[in-house]
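The values are calculated or read from the model by the stated rules, or taken from the named source; none is laboratory data. What you are looking at is a predicted structure, and each value in this text was computed from that prediction instead of being measured. Using ideal geometry, Cβ is built from the backbone for each residue, glycine included, and neighbour counts are taken over all protein chains shown. Only protein heavy atoms, including side chains, enter the accessible area calculation; ligands, DNA and RNA are left aside. Shrake-Rupley method; radii C 1.70, N 1.55, O 1.52, S 1.80 Å.
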Number of protein chains: 2
Amino acid sequence: MQAERPGGGRRRIVIVGGVAAGASCAARARRLCEECDIALLDRGPYVSFANCGLPYHVGGVIAEEETLLVATPELFRDRFAIDVRTRHDVRAIDPAARTVEVHDLERDSVRTEPYDALVLATGAAAIRPPLPGIDLPGIFVLRTIPDARQIRAAVERASSAVVVGGGFIGLEMAENLVQRGLAVTVVELAAQVLPPLDPEMAGYVAERLRAHGVALRLGAGVEGFRPRDGGGLEVLAAGGEALPADVVILAIGVRPETALARAAGLTLGERGGIRVDEQMRTSDPHIWAVGDVVEVRDVVTGAWQLMPLAGPANRQGRIAAASILGRAATADASTRFRGVQGTAVCGLFGLTVAMTGASEKSLARAGRDDFERVYLHPGSHVGYYPGATPIHMKVLFARRDGRILGAQAVGEAGVERRIDVVAMAIQMGGTVYDLEEAELCYAPQFGAAKDPVNLAGMVAANHLRGDLPLAAWSELAGTTAQLVDVRRPAEYARGHVPGAINVPLERLRVALDRLPRDRELWLVCAVGQRAYYATRLLQHHGFRVRVLSGGMETHGAHAASA
Amino acid sequence: MQAERPGGGRRRIVIVGGVAAGASCAARARRLCEECDIALLDRGPYVSFANCGLPYHVGGVIAEEETLLVATPELFRDRFAIDVRTRHDVRAIDPAARTVEVHDLERDSVRTEPYDALVLATGAAAIRPPLPGIDLPGIFVLRTIPDARQIRAAVERASSAVVVGGGFIGLEMAENLVQRGLAVTVVELAAQVLPPLDPEMAGYVAERLRAHGVALRLGAGVEGFRPRDGGGLEVLAAGGEALPADVVILAIGVRPETALARAAGLTLGERGGIRVDEQMRTSDPHIWAVGDVVEVRDVVTGAWQLMPLAGPANRQGRIAAASILGRAATADASTRFRGVQGTAVCGLFGLTVAMTGASEKSLARAGRDDFERVYLHPGSHVGYYPGATPIHMKVLFARRDGRILGAQAVGEAGVERRIDVVAMAIQMGGTVYDLEEAELCYAPQFGAAKDPVNLAGMVAANHLRGDLPLAAWSELAGTTAQLVDVRRPAEYARGHVPGAINVPLERLRVALDRLPRDRELWLVCAVGQRAYYATRLLQHHGFRVRVLSGGMETHGAHAASA
């Protein structure tokens, strides 16, 4: 787009929605075009606020509301000459005339404004399911600063809360409500918290939540709400339980705000978001869409997804601006949205949980079974330096060539660092062999000469090389293999898998005749390392061997999530 | 190599040196060959000890000496059937006969032992320069557990220390001696601490050291040592200063222990280490070498280097084992040493400093000037969540295609994480465009929707796209450009670069006629962000503009290191 219209006058870009994607788009559009008119319209009272910080504002960690205002309308005006109007609701688009109908909510006046390029950054709305009692006072969602203000006021006089939904935001809310002194119950329809994770990894999180007094109702739907005698509410969970709650937070997800797009006849995708191309163009050549309102490609599975994440939203905004202003013809990656990896992190009561790429669940949904998985539990740094804590990791990779498909990790320190390294490896098309030889930061307080990322690569690569054939704990029920526990007798005595015989690694060379040769041996130890050493020895002596990946530690995680 | 010799009998692998590389080699050799005889000989009293932990043992952070013993001879024997012999000095190699002459230091007996494959993991020795007084009591190096024991004893009755050498180990020692209550002076021949870093980045470290009472003598050689009246020593620094010290630590680097290799006629490299190929083979077909004794290729510059790092040493050990045992024919990356990136990290008084890849200095040494540099100072996490601290970053990249060449970072939190991500990107041949679109972990307490890594990529990519032409502070002296400071008047008043005029960003659009058109404008702000916004505006109005990368923050770092 040229700054001047063919018929004269300045080009006009209208952006609907001014949080992450919309604000990024506006700022980049100005950087690329000083002569364009840029209008940023939002029906709410704020633009560019920090919605990811809202749970922590409720919890009091972020004390002042103003802190959440990343950029004010005045800053946009003074610094970028962008016409920001809050409390302005765009009610309709006329794609043929290239106009929008704008309702000024303050003055209650409506006017029609032209555009040369229109960007829909309308976001997503929290889902409020049509359950009995859903409109009772005390039931909140958390998407905006006014939402947070309401919840803060309600929490002042509350002593109990139910959070409906155990995803990232629901659990962040649970933690923050506990910090405010409330008794908190989380109700989640899935049989696990954090549904984007695989269940055995989510088990660590559930354990931490319970240790901090959060009651969990997993695999439980909510059927309605009713007033409680003496004030407050009761949340009616499936199965008949009535959970008392002075405050209820609905955190069961969001739905893209597509009403405008739908009415304008734009193509929507199968997941209900606006369908866009790599330049964020909709089916109308003068309309772009960015942020939580669009569907995005999962870079690993290729599936269309709704994936409301702040980083990708910002990138999409910048890419739309580049596309509008004619940068799209270049080969530059900044003009092309490659899709979403689903990198995410959450801090809960001192535990960090992070993931990138596909989960086993998302691969299964995409119909894939051509992958392998490893579990490991390395320390956050070397054991000889004080303060190391375990990082529980799971890495998924292609059976054929070792390409990394996804990773999940849970622990108290260094978790986001390892997931970020794997995220970069996935972005670059890396394999487990690349993880194996990564050269990462090491000093005693920061890691290990064999970093957890290296170890994950080594375990996975050894599996693919045939040096370490793995079995998954989920395969245990169907096996006829002999389980062999190679830990020390005292460890075995403290608890072992039924049917496992105990042959400590150190005595294996002299105990070979005790082991059956007519079936596979599945080796178990604490985390997998000693079983690896045993494998090589037993393979040499002609035994068919597999190692139960992640050892007793992962066995416990599976058992807890079953 | 087959497990059986052609003439019968078991194959015999002898490994000389049992710390990181040697121990890794022994363990992998056993995993690959159950039938081989494997001997691990070390002239010291311990194998597989944690030499990276020694400074922290001196400082008392790692209280017990036994904690440093990662694996004992008994464990190697029981678990891996490896014949570990400590206090056994290999005095000579006969390559033609394939034998080594082994001196048992305990029994003072010598015998000749055969090998089929010999691995030299003899490491490196701390340099003790032949200065006057070098053999006085109270002058120590720190490479072994006995070294640490001696220093701990000396520190008990000391109140002052001089550390000669301001590299990673010297500074770790300085911190730990301060923790023990000593008055510490560091004497460094270079004009900066941490010579692998570029000087302006090392300045942050020097500042932190001084703030914790460490006295620095930079650009100062040591000319000798002499006894002090009343006990202790004086360190004679160039220029005539005599520094009192009850304890002196020599940390001026290490020299590969090549005496054996040299006597055996093995080819050495130009840097004085053993020259090996990608499979760690020396010039003799039956001898391999691994760890600090070998020269390695710098993966970025291609130059041969001595780079004593634990991670690469471990990898080399495993690769040598694979090569010896016939795994080398496969395409597997685990059988090929790709070289060293120089990823390193150091924690000093709460500050973390980390780097990967080339520095500006190492690029200059390699004769390269085809690169660009950016500086930035993002927060470790979003500003609206409490506790964010700046990360000072420098990224080097190729002018032609944006390929990342190296990165350095200093800060209190999240430093090693960002360097690890860049390390993985470098390994995969990534560009600054890849950093720009990396999808990394973000929640308010963990980062930002635009992570520091993304910001580094964006600044660099904008420079390459021409949207943000950069100037370096080092070019300031020779320029005829007009400096324009776009900060607020109050910031300008608190300090600015001589000759800079003040035009705040917010008033730039109405002040264009105050700016000269006959020469370049070089823009300055606090960290570079506002100057970027100003650039786009001024470029549009026909001005020739560059931004001083990193803003006043980097100016200060340059000034402090000058």
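In square angstrom, what is the accessible area per residue of the protein assembly as shown with a 1.4 angstrom probe? Mind dumping the intermediate values first?
Working: 41000 Å² over 1124 residues.
Per-residue value: 36 Å².
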Can you tell me the relative contact order of the stretch B:406-562? Whole percent, Cα pairs under 8 Å, sequence separation 6 or more.
19 percent
Computed accessible area, B:Leu464, all protein chains, 1.4 angstrom probe, square angstrom
50 Å²
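Rounding to the nearest 20 debye, state how big the charge dipole of the stretch A:432-562 is about its Cα centre with +1 on each Lys and Arg Cβ and -1 on each Asp and Glu Cβ.
My answer is approximately 600 debye.
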Overall Cα dimensions of the protein assembly as shown, principal axis frame, Å, largest first
102, 78, 55
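Hey, what did the stretch A:211-303 get for relative contact order, percent, Cα under 8 Å, at least 6 apart? Don't jump to the answer; show the numbers that get you there.
Values: 104 pairs, mean separation 13.7, N = 93.
The normalised contact order for the stretch A:211-303 reaches 15 percent.
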Counting only protein heavy atoms and rolling a 1.4 Å probe, how much accessible area do B and A lose on contact, total for both sides, in Å² to 100?
7600 Å²
Would you work out which of B:Ile151, B:Ala407, A:Trp304 lies farthest towards the positive end of the dipole of the protein assembly as shown, given +1 charges on the beta-carbon of Lys and Arg and -1 on that of Asp and Glu, about the Cα centre?
A:Trp304
Which GluC sites (Glu not before Pro) does the stretch B:210-246 hold that lie in a coil by DSSP with at most 12 other beta carbons within 10 Å?
none
Please give the solvent-accessible surface of B:Leu468 in Å², to the nearest 10, using a probe radius of 1.4 Å with every protein chain present.
10 Å²
Hey, can you rank A:120-130, B:212-222 by average C-beta count inside 10 Å, highest first?
A:120-130, B:212-222
Per-residue ³J(HN,Hα) for the stretch A:265-277, Karplus 6.51 cos²θ - 1.76 cosθ + 1.60, θ = phi - 60°, Hz, x for Gly and Pro
x, 6, 6, 9, x, 5, 8, x, x, 5, 8, 10, 9
Cross-link partners among lysines for B:Lys394, C-alpha distance below 28 Å, same-chain residues fewer than 8 apart left out?
A:Lys450, B:Lys361, B:Lys450
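Eigenvalues of the Cα gyration tensor times 5, then square-rooted: what semi-axes does that give for the stretch A:496-551, in whole angstrom, largest first? Working shown, then result.
Working: eigenvalues 50, 30, 26 Å².
Over the Cα atoms of the stretch A:496-551, the ellipsoid semi-axes are 16, 12, 11 Å.
With +1 on each Lys and Arg Cβ and -1 on each Asp and Glu Cβ, how big is the dipole of the stretch A:176-266 about its Cα centre, in debye rounded to the nearest 20? If you can, show how the numbers build up before the last one.
Values: 8 positive and 10 negative charges, 45 e Å.
In debye, rounded to 20, the stretch A:176-266 gives about 220.
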Non-local residues with an amide H under 5 Å from the amide H of A:Ser160, with H modelled 1.01 Å from N and Pro and chain starts lacking one, are A:Ala183, A:Asp246, A:Val247
Out of B:Gly495, B:Val484, B:Trp473 - ranked by how far each Cα lies towards the positive end of the dipole of the stretch B:456-513, with unit charges on the beta-carbon of charged residues - the top one is B:Gly495
Among A:Met552, A:Ala526, A:Leu505 - extreme Cα towards positive end, dipole of the stretch A:473-562, charges at beta-carbon:
A:Leu505
Solvent-free Debye scattering, log10 I(q)/I(0), computed from the Cα coordinates of the stretch B:152-195 at q = 0.30 Å⁻¹:
-1.04
Given the DSSP H assignment, sum -39500 (n - 2.57) over each helix run of at least 4 residues in chain B and divide by its residue total; what's the result at 222 nm in deg cm²/dmol, nearest 500?
-8000 deg cm²/dmol
Applying the gyration tensor rule to the Cα atoms of the stretch A:230-381 (axes a ≥ b ≥ c; rounded if a/c under 1.5, else prolate if a/b exceeds b/c, else oblate), the class is oblate
Enter the per residue convex hull volume of the stretch B:34-119, computed from alpha-carbon coordinates, in Å³ rounded to the nearest integer.
121 Å³
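Hey, could you grab the Kirkwood Rh for the stretch B:1-156? Inverse mean 1/r over distinct alpha carbon pairs, Å, one decimal. Display every interim value, and only then the final one.
Working: mean 1/r = 0.0582 Å⁻¹.
It is 17.2 Å.
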In square nanometres and to one decimal, what's the mean projected area of the convex hull around the Cα atoms of chain A?
29.8 nm²
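How long are the three semi-axes of the equivalent ellipsoid of the stretch B:164-259, in whole Å, if each is the root of 5 times an eigenvalue of the C-alpha gyration tensor, listed from largest down?
Working: eigenvalues 87, 60, 38 Å².
Equivalent ellipsoid semi-axes, largest first: 21, 17, 14 Å.
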Taking the protein assembly as shown as a whole, which cysteines find no other cysteine Cβ under 4.7 angstrom from their Cβ?
A:Cys25, A:Cys52, A:Cys346, A:Cys441, A:Cys525, B:Cys25, B:Cys52, B:Cys346, B:Cys441, B:Cys525
Quick one: order A:Thr301, A:Thr480 from most to least accessible surface, probe 1.4 Å.
A:Thr480, A:Thr301
Charge dipole (debye, nearest 20) of the stretch B:1-135; +1 at Cβ of Lys and Arg, -1 at Cβ of Asp and Glu:
420 debye
Using each residue's phi in the stretch B:358-374, evaluate 6.51 cos²θ - 1.76 cosθ + 1.60 at θ = phi - 60° and report the 3J(HN,Hα) Karplus result to the nearest Hz, with x for Gly and Pro.
7, 9, 4, 5, 6, 5, 4, 4, 7, x, 9, 9, 9, 10, 10, 9, 10
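What's the long-distance tail for the stretch A:413-507, i.e. % of Cα pairs beyond 15 Å? Walk me through the numbers on the way to the answer.
On the way: 3171 of 4465 pairs.
So the portion of pairs separated by more than 15 Å is 71 percent.
Residues of B:105-116, mean number of Cβ from any other protein chain within 10 Å of their own Cβ, rounded to a whole number? List each step's numbers first, then the result.
Numbers: counts 0, 0, 0, 0, 0, 0, 0, 0, 0, 0, 0, 0.
What the average comes to for B:105-116 is 0.
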Note: the stretch B:14-82 at 20 °C, 1.002 mPa s; Kirkwood Rh on alpha carbon pairs; Stokes-Einstein D in µm²/s works out to 168 µm²/s
Average partner chain C-beta neighbours within 10 Å, per residue of B:457-467?
2
At a probe radius of 1.4 Å, what is the per-residue accessible area of A:Val415, in Å² to the nearest 10?
0 Å²
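For the stretch A:460-537, just run the numbers: alpha carbon Rg, then divide by 2.2 N^0.38 Å, N being how many residues it has. Each step should come with its number before you reach the end.
Values: Rg = 12.1 Å, N = 78, 2.2 N^0.38 = 11.5 Å.
Normalised by 2.2 N^0.38 Å, the Cα Rg of the stretch A:460-537 equals 1.05.
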Taking each residue in A:529-536, count the Cβ atoms of any other chain within 10 Å of its Cβ, then average. What number comes out?
2
With an 8 Å Cα cut-off and a minimum separation of 6 or more residues, compute the relative contact order for chain B in percent.
11 percent
log₁₀ I(q)/I(0) of the stretch B:365-455 at q = 0.10, 0.12, 0.14 Å⁻¹, via Debye over equal Cα point scatterers, no solvent, to two decimals?
-0.25, -0.36, -0.48
